[in-house]
Amino acid sequence: MRQLILENGTVFTGEGFGSNQTITGELVFNTGMTGYQEVITNPSNCGKIVMMTYPLIGNYGINRDDFETVTPSIHGFIVKETAEYPSNFRNEESLDSYLKANNIPGISGIDTRKLTKIIRSYGSMNAMIADEGEPLEEIAKILRNLPVKTDLVKQVSAVKPYVVPGRGKRIVLVDFGMKHGILRELTKRNCHVTVVPYNYSAESILRLKPDGIMLTNGPGDPKDVPEAIEMIRTVLGKVPVFGVCLGHQLLALACGADTEKMKFGQSGGNYPVKDIRTDKSYLTSQNHSYTVIKDSLINTDLELIQQSLNDGSVQGINHKKFAAFSVQYHPESSPGPEDTNYLFDDFLHMIKQTQKEKEVQVNA
């Protein structure tokens, strides 16, 4: 038996699976009914202990085609019940064996509904997965004083540039913890993609002569990546920019807006978002702990274009002067829903329009 110990002193006891190591991390929950493979391999979850609110996890096993990165970086995984015998023609191994192979501990058999209610009342908190018999008061004190990690993007970003060749538009993908789904959507549209590390300079990016720059998702506080904020300020107006998730927050900061940590974040595949320009709503896939402060958009060159129907939070922004826009959610939608895949087409259309405008200016 193993224990999940929260920083407020609450303890849950259940059965261990996966690795048997003792770990700490920020405890978050994900509301997706499917997609546990994508959740585990999502670099945005780096350093987190993730709890799935859906009661049965692991029923279709593990398939590498569904991974969002090669090496998972979550610290722990919590479920109500694991499927002992996965049943799917694509299954390659069980959830238990996959977590063991990647040294990730898990706990099953705990009351995940009660745990979700605690998080929703208390907010995001640190937790530890450990064996029974550990000194609980001492552990709770350690958890309350855990330092906030500021190097999460560095842990999951590409180490050096690499190219995924194509015959279409030349896109520089700035990797802050990229989900493979973003790369799939761009290559599906025949883009020639150059993936660069999070700290690649504006000068180095512009030297690649990109048609467009995409800012990816990633973990942690966007203010921990000041070099990226400075890079974005430099390229704005020179090359069209599209940001998602952390990239959305970085674009906002680069334009003078502000961000803050949410009480318990948004994570799952069922968040409704409304486009205030068209009055149309979409279901979106989300995974973030920080948000752009709506009032901070005032007196900037950014305009609010989309917002959450749950809490009114900022979900999309557009630059009033330059070809640049971003969204808080994941339009690559792995595992789904796929309502907002069209944004990749909008990005390519924005690039074409910008190129036409430049041609007109040159020929004028």
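The values are calculated or read from the model by the stated rules, or taken from the named source; none is laboratory data. Computed from a predicted model, the values in this text were never measured in an experiment. Cβ: placed from backbone, ideal geometry, glycine included. Neighbour counts: every protein chain shown. The area values use the complete protein model at the heavy-atom level, side chains included, leaving out ligands, DNA and RNA. Shrake-Rupley method; radii C 1.70, N 1.55, O 1.52, S 1.80 Å.
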In this structure, does L302 turn out to be more than 30 Å from K117 (Cβ to Cβ), of a type in the set (A, V, I, L, M, F, W, C), at pLDDT 95 or above and in contact with a Cys (Cβ under 7 Å, 6 or more places away or on another chain)?
yes
Can you list residue pairs whose Cβ atoms sit under 7 Å apart, with the first residue in region 128-142 being farther than 20 Å from I74 by Cβ and the second being among the acidic types (D, E) and open to solvent by less than 80 Å² (accessible area, probe 1.4 Å)? Count only pairs 6 or more apart in sequence or on different chains.
A140/E7
Considering only region 46-63, I want to know if a residue exists there that is in a helix (DSSP H, G or I) and touching a residue at least 24 places away in the same chain (Cβ under 8 Å).
no
Go through the residues of region 236-258 one by one and say whether even a single one is part of a strand (DSSP E or B), under 17 Å from F322 (Cβ atoms) and not aromatic (F, W, Y).
yes
Of the conditions (1) in contact with a strand residue (DSSP E or B) (Cβ under 8 Å, 6 or more places away or on another chain); (2) surrounded by 17 or more Cβ atoms within 10 Å (Cβ to Cβ), S204 clears all except one; give me its number.
(2)
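Scan region 180-234 residue by residue and report those that are among the β-branched types (V, I, T) and more than 24 Å from D65 (Cα to Cα). It would help to see each step written out before you state the result.
Start the filter on region 180-234 by keeping residues that are among the β-branched types (V, I, T), which leaves 182, 187, 193-196, 205, 213, 216, 225, 229, 232, 234.
Within region 180-234, I205, I213, V225, I229, I232, T234 meet the criteria.
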Restricting attention to region 293-332, the residues that are of a type in the set (A, V, I, L, M, F, W, C), in a strand (DSSP E or B) and open to solvent by 10 Å² or more (accessible area, probe 1.4 Å) number exactly 2
For the structure I just gave you, tell me whether F89 is aromatic (F, W, Y) and either without any contact (Cβ under 8 Å) to a residue 40 or more places away in the chain or surrounded by fewer than 17 Cβ atoms within 10 Å (Cβ to Cβ) (or both).
yes
So which residues in region 13-43 are of a type in the set (A, V, I, L, M, F, W, C) and either buried (at least 21 other Cβ atoms within 10 Å of the Cβ) or under 14 Å from the mean Cα position of the chain (by Cα) (or both), if there are any at all?
F17, L27, V28, F29, V39, I40
Check I213 against each of (1) touching a Lys or Arg at 6+ places or on another chain (Cβ under 7 Å); (2) not in a helix (DSSP H, G or I) and name the one condition it does not meet.
(1)
In region 184-201, how many residues are surrounded by fewer than 21 Cβ atoms within 10 Å (Cβ to Cβ) and within 21 Å of V153 (Cβ to Cβ)?
4
Can N270 be described as open to solvent by 30 Å² or more (accessible area, probe 1.4 Å), touching a residue at least 24 places away in the same chain (Cβ under 8 Å) and not in a strand (DSSP E or B)?
no
If a residue must be over 23 Å from T41 (Cα atoms), open to solvent by 10 Å² or more (accessible area, probe 1.4 Å) and not in a helix (DSSP H, G or I), how many such residues does region 103-140 contain?
6
With the condition kept exactly as written, say whether any residue in region 336-347 is crowded, with 19+ Cβ neighbours inside 10 Å, under 23 Å from I213 (Cβ atoms) and either among the hydroxyl-bearing types (S, T, Y) or in contact with a Ser or Thr (Cβ under 6 Å, 6 or more places away or on another chain) (or both).
yes
Regarding V172, is this residue open to solvent by less than 80 Å² (accessible area, probe 1.4 Å), within 22 Å of the chain's Cα centre (by Cα) and closer than 30 Å to N8 by Cα?
no
Looking at (1) of a type in the set (K, R); (2) crowded, with 19+ Cβ neighbours inside 10 Å; (3) more than 24 Å from F12 (Cβ to Cβ), find the lone condition where K48 falls short.
(3)
Any residue in region 20-40 that's in contact (Cβ under 8 Å) with a residue 12 or more places away in the chain and in a helix (DSSP H, G or I): show its pairings with residues that are surrounded by fewer than 22 Cβ atoms within 10 Å (Cβ to Cβ) and among the charged types (D, E, K, R) at Cβ separation under 9 Å, as long as the two are six or more apart or on different chains.
Q37/R64; Q37/D66; E38/D66
Of a type in the set (D, E, K, R), at pLDDT 95 or above and under 25 Å from Q21 (Cα atoms): is that true of K169 in this structure?
no
What residue, among those in region 273-292 that are surrounded by 17 or more Cβ atoms within 10 Å (Cβ to Cβ) and either free of Cβ contacts under 8 Å to residues at least 24 places away in the same chain or within 16 Å of F344 (Cβ to Cβ) (or both), is nearest to the chain's Cα centre (by Cα)?
S285
Are there any pairs with C-beta distances below 7 angstrom linking a residue in region 313-325 that is farther than 30 Å from K263 by Cβ to a residue that is among the hydroxyl-bearing types (S, T, Y) and open to solvent by 20 Å² or more (accessible area, probe 1.4 Å), with the two at least 6 apart or on different chains, and if so which?
A323/T354
